[in-house]
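First up is the structure itself, then whatever we jot down about it.
The values are calculated or read from the model by the stated rules, or taken from the named source; none is laboratory data. Worth saying up front: this structure is predicted, and the values here are computed from it rather than measured. Neighbour counts are summed over all protein chains in view; Cβ atoms, including those assigned to glycine, are modelled from backbone coordinates with ideal geometry.
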Number of protein chains: 4
Amino acid sequence: MLKNLKIEVCEANLELKRSKLVIYSWGNVSGINRNEGIVAIKPSGISYDELTPDGIILLDLEGNIVEGQLRPSSDTPTHLELYRNFEDIGGICHTHSMNATIWAQACQPIPCLGTTHADYFYGPVPVTRSMTKHEIEADYELNTGKAIVETFKDLNHAQMPAVLVANHGPFTWGPNPAKSVEASIVLEQVAEMALKTIILKPELTAIPQKLLSKHYLRKHGNNAYYGQNY
Amino acid sequence: MLKNLKIEVCEANLELKRSKLVIYSWGNVSGINRNEGIVAIKPSGISYDELTPDGIILLDLEGNIVEGQLRPSSDTPTHLELYRNFEDIGGICHTHSMNATIWAQACQPIPCLGTTHADYFYGPVPVTRSMTKHEIEADYELNTGKAIVETFKDLNHAQMPAVLVANHGPFTWGPNPAKSVEASIVLEQVAEMALKTIILKPELTAIPQKLLSKHYLRKHGNNAYYGQNY
Amino acid sequence: MLKNLKIEVCEANLELKRSKLVIYSWGNVSGINRNEGIVAIKPSGISYDELTPDGIILLDLEGNIVEGQLRPSSDTPTHLELYRNFEDIGGICHTHSMNATIWAQACQPIPCLGTTHADYFYGPVPVTRSMTKHEIEADYELNTGKAIVETFKDLNHAQMPAVLVANHGPFTWGPNPAKSVEASIVLEQVAEMALKTIILKPELTAIPQKLLSKHYLRKHGNNAYYGQNY
Amino acid sequence: MLKNLKIEVCEANLELKRSKLVIYSWGNVSGINRNEGIVAIKPSGISYDELTPDGIILLDLEGNIVEGQLRPSSDTPTHLELYRNFEDIGGICHTHSMNATIWAQACQPIPCLGTTHADYFYGPVPVTRSMTKHEIEADYELNTGKAIVETFKDLNHAQMPAVLVANHGPFTWGPNPAKSVEASIVLEQVAEMALKTIILKPELTAIPQKLLSKHYLRKHGNNAYYGQNY
């Protein structure tokens with residue numbers, strides 16, 4: 001069932017490992033087939049070395065397992081909440097990559113300090129509010145998803161395909177699983193650049209809005225002129 | 001004698017090398033067979049490239065060599081003291097890995113600044129007190145073990161499988177040699193994350209106790225629901 | 001047409017990738033044949049894995065495409081402006097390499113803090129002024145080139161083969177494409193050294209002029225005595 | 001002539017490259033045959049990829065070339081001055097490795113902040129005084145050697161096989177070329193640990209003298225008990 005989706009999700013998980021953004025089983029990538037309403041996700045606590053398309057778990061958007069022997073990633077309720085609310089995304093990636101996690105641990109948004117950031121993220125990468133005791137106690141992973149959705153109340157998730165969960169780490173997304181991994185890889189670079197730039201010049205804020213728009217929009221949207229596909 | 005234990009200890013030492021946590025002979029892993037009361041450990045100052053299961057040294061818990069031609073690791077008395085006092089552990093690992101060593105050199109415990117830490121260590125990773133001149137002068141390695149045990153007087157070593165020896169570096173442990181190496185690898189990641197997080201936000205303390213418990217306990221103990229083995 | 005130049009430019013782009021200064025398509029190298037007045041440059045947004053000499057685009061110095069099916073790098077107008085003004089250079093390289101980009105983001109020149117820097121760059125690596133809204137709005141990439149040229153009004157670009165574009169990242173150049181990549185690789189090392197040196201000793205300024213001259217001139221110019229080619 | 005020495009020096013230079021302490025030709029290793037009074041050293045500006053034992057240059061202690069077609073390393077007069085004054089050393093290594101160079105650029109000795117340092121270097125790694133204009137102008141490389149020797153007036157170079165040349169980078173030595181490279185590799189680790197430890201705890205000074213002696217002397221000298229060779 002949905003063989004291509006399982007291959008795509010498996011390959012995106014392996015790319016995550018190859019990119020050195022995760023060690024052990026510290027990350028997961030999912031994908032969705034919107035027509036079927038089926039999400040494919042990595043099983044929980046499985047080493048990347050053992051991962052095959054057949055091991056990928058299929059669930060419906062309410063979290064009922066449709067196919068698969070293993071328990072799905074413990075972060076599955078977070079993924080499902082994002083698929084339910086960000087209706088045009090096709091893949092989600094979660095990591096504990098070093099530098100993005102540092103900003104998440106500091107509970108600080110990553111300011112846009114240069115054009116590398118502006119090429120991918122249209123503004124500062126936001127951080128969720130800290131969760132309440134009650135939210136942590138029951139349905140923690142679902143509530144993590146809700147906190148992310150709340151953070152995007154006034155933000156365009158298509159122009160900002162990343163969030164930092166406070167005290168925890170990043171989630172990223174994209175039109176498909178591979179693109180969600182690319183967003184995590186870029187976020188990690190941007191997070192390291194921002195950290196070191198702040199160390200060099202603590203008083204620095206953001207680049208001018210005009211420059212942010214120039215770089216973001218030359219790569220994305222109707223008037224883009226970067227690459228070969230516009 | 002105890003061929004499987006020697007293979008396991010040799011393999012764990014090689015994994016330590018592969019993980020890039022050690023250069024030259026700066027680390028050692030041991031394991032114990034509790035039924036026999038026999039400890040297997042790396043020989044002193046031997047390059048990992050030359051290490052084979054046959055080169056592993058066997059000792060009893062008082063440090064008498066039971067099998068092996070070479071001198072055991074100079075840190076052996078520290079390992080034995082831990083096996084005598086932490087009666088359920090099955091493997092011990094010692095490294096000078098960069099970031100864990102930095103916290104040890106600073107004589108500061110690693111605060112729990114995020115869920116990556118909370119997933120493995122149930123609270124701040126403790127640091128031993130500095131040793132006295134007398135303790136350094138005679139039986140230094142044994143006294144290192146005693147200082148670690150003293151540090152855990154009011155701590156549960158099963159929930160905190162790591163310690164920083166002041167001015168020196170980390171020791172970690174687990175149910176077997178491989179798991180003690182895993183704890184060292186995770187500790188190194190957590191130590192680097194904590195260092196950089198403190199640089200970004202010096203006033204940061206620890207994550208809320210509720211979040212610490214949630215993450216630690218979803219992976220460990222009776223109500224764990226992470227992975228496939230619960 | 002100009003097969004050797006296309007091979008040289010392709011190879012220099014691949015060397016940039018191998019050096020780990022770029023991920024994805026975050027960089028570009030060009031070269032020029034001064035006799036023909038033809039510039040060869042990487043196509044826009046193409047992965048390095050797919051790059052072959054046949055894919056390299058040829059343009060005249062006014063930007064008219066002479067050969068090639070694909071759109072040239074979006075930074076092409078910057079390259080052309082540099083070739084028009086720095087008449088003896090033969091290759092240009094642009095990256096978003098981590099540490100050079102950090103200095104660019106901080107809008108700070110890289111001071112010459114040691115002989116590693118002095119061996120390649122005869123003074124602080126300059127940073128362009130920030131661009132005006134008007135300059136960003138229209139002909140942004142051309143104006144980037146003009147800002148670089150303006151920065152070198154009183155500087156010798158042969159003795160300073162690198163610049164930091166404010167808020168953006170580095171451009172480097174040299175007598176040929178390969179040497180422009182070498183300048184980027186050295187710049188990245190020097191930028192990391194300078195950043196960490198400033199962290200260790202914030203009040204540090206530059207090495208003495210005499211030492212700078214000694215190191216720069218023993219490798220470059222008429223009285224050089226480093227290497228085999230003088 | 002002296003074929004084994006040339007092989008040893010060539011191999012030590014290649015080990016330097018493999019260790020990632022140098023890029024391009026930024027480093028050199030030499031060795032000496034004390035019976036013959038002949039020094040073997042890398043040629044100047046030659047890439048490590050092209051280096052073979054036959055390319056190694058032989059000189060007497062006054063710098064006269066005894067064998068070899070190429071120009072010797074421009075740092076040769078520094079090496080010779082050290083061989084003339086540190087009469088028991090057998091190999092010398094010079095690099096611009098990242099973290100050791102940072103301390104050299106900051107003109108600060110590396111304090112002994114932990115036992116990793118104490119295992120190899122018996123006290124803080126010293127830094128030379130800055131050189132005068134006159135010393136830089138003529139016989140610069142010879143004067144670099146003299147400044148190192150002056151720094152060791154009251155230091156035991158056998159117990160401190162490393163120095164930082166102010167504004168420049170490290171030199172290390174040992175009983176043979178391979179051991180001089182090992183000292184550079186260890187120095188680089190120790191320099192990085194010290195830098196990050198100071199960032200975490202700026203007020204930190206040195207570990208207690210007793211602990212320094214314990215660690216240094218358990219690996220070196222008559223009462224050593226680390227390794228298999230004592």
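Observations, loosely collected:
- Residue check, D:GLU141 charged (D, E, K, R) and in contact with a strand residue (DSSP E or B) (Cβ under 8 Å, 6 or more places away or on another chain): no
- Any hit, the range B:63-79, residues being crowded, with 18+ Cβ neighbours inside 10 Å and either of a type in the set (Phe, Trp, Tyr) or free of Cβ contacts under 8 Å to residues at least 12 places away in the same chain (or both): no
- Counted residues, the range B:150-185 - those being charged (D, E, K, R) and either within 27 Å of D:SER213 (Cα to Cα) or in contact with a strand residue (DSSP E or B) (Cβ under 9 Å, 6 or more places away or on another chain) (or both): 3
- When A:LEU204 is tested against (1) in a helix (DSSP H, G or I); (2) touching a residue at least 40 places away in the same chain (Cβ under 8 Å); (3) of a type outside the set (Gly, Ala, Ser); (4) surrounded by fewer than 22 Cβ atoms within 10 Å (Cβ to Cβ), just one condition goes unmet, and that condition is (1).
- Within the range B:161-193, being in a loop (DSSP other than H, G, I, E, B), crowded, with 21+ Cβ neighbours inside 10 Å and either at negative phi or touching a Lys or Arg at 6+ places or on another chain (Cβ under 9 Å) (or both) holds for B:PRO161, B:ALA166, B:HIS168.
- Among the candidates A:THR151, A:THR132, the residue that is surrounded by fewer than 23 Cβ atoms within 10 Å (Cβ to Cβ) and either without any contact (Cβ under 8 Å) to a residue 12 or more places away in the chain or in contact with a Cys (Cβ under 6 Å, 6 or more places away or on another chain) (or both) is uniquely A:THR132.
- Options C:SER44, C:SER25, C:SER19, C:SER74: the member that is hydroxyl-bearing (Ser, Thr, Tyr) and in contact with a Pro (Cβ under 7 Å, 6 or more places away or on another chain): C:SER44
- The one condition from (1) within 14 Å of chain C (Cβ to nearest Cβ); (2) among the acidic types (Asp, Glu); (3) more than 16 Å from the chain's Cα centre (by Cα) that A:ASP154 does not meet is (1).
- Odd one out for C:PRO126, checked against (1) more than 14 Å from chain A (Cβ to nearest Cβ); (2) surrounded by 19 or more Cβ atoms within 10 Å (Cβ to Cβ); (3) touching a strand residue (DSSP E or B) at 6+ places or on another chain (Cβ under 7 Å): (2)
- For the range D:1-55, a tally of residues being over 15 Å from D:SER74 (Cβ atoms), away from chain C (no Cβ under 14 Å), not in a helix (DSSP H, G or I) and not basic (Lys, Arg) returns 12.
- Filtered residue count, the range C:86-108, keeping only those that are within 12 Å of chain A (Cβ to nearest Cβ) and either closer than 13 Å to C:VAL186 by Cα or in contact (Cβ under 8 Å) with a residue 12 or more places away in the chain (or both): 14
- The lone exception for C:ILE102 - which of (1) within 24 Å of C:LEU142 (Cβ to Cβ); (2) of a type in the set (A, V, I, L, M, F, W, C); (3) surrounded by 23 or more Cβ atoms within 10 Å (Cβ to Cβ) it fails: (1)
- The residue of the range A:186-230 that is nearest to the other protein chains (Cβ to nearest Cβ), among those that are touching a strand residue (DSSP E or B) at 6+ places or on another chain (Cβ under 9 Å) and at pLDDT 95 or above, is A:LEU195.
- Selection of the range B:207-230 for residues being more than 18 Å from A:CYS107 (Cα to Cα) and assigned to a loop (DSSP other than H, G, I, E, B) yields B:HIS220, B:GLY221, B:ASN222, B:ASN223, B:ALA224, B:TYR225, B:TYR226, B:GLY227, B:GLN228, B:ASN229, B:TYR230.
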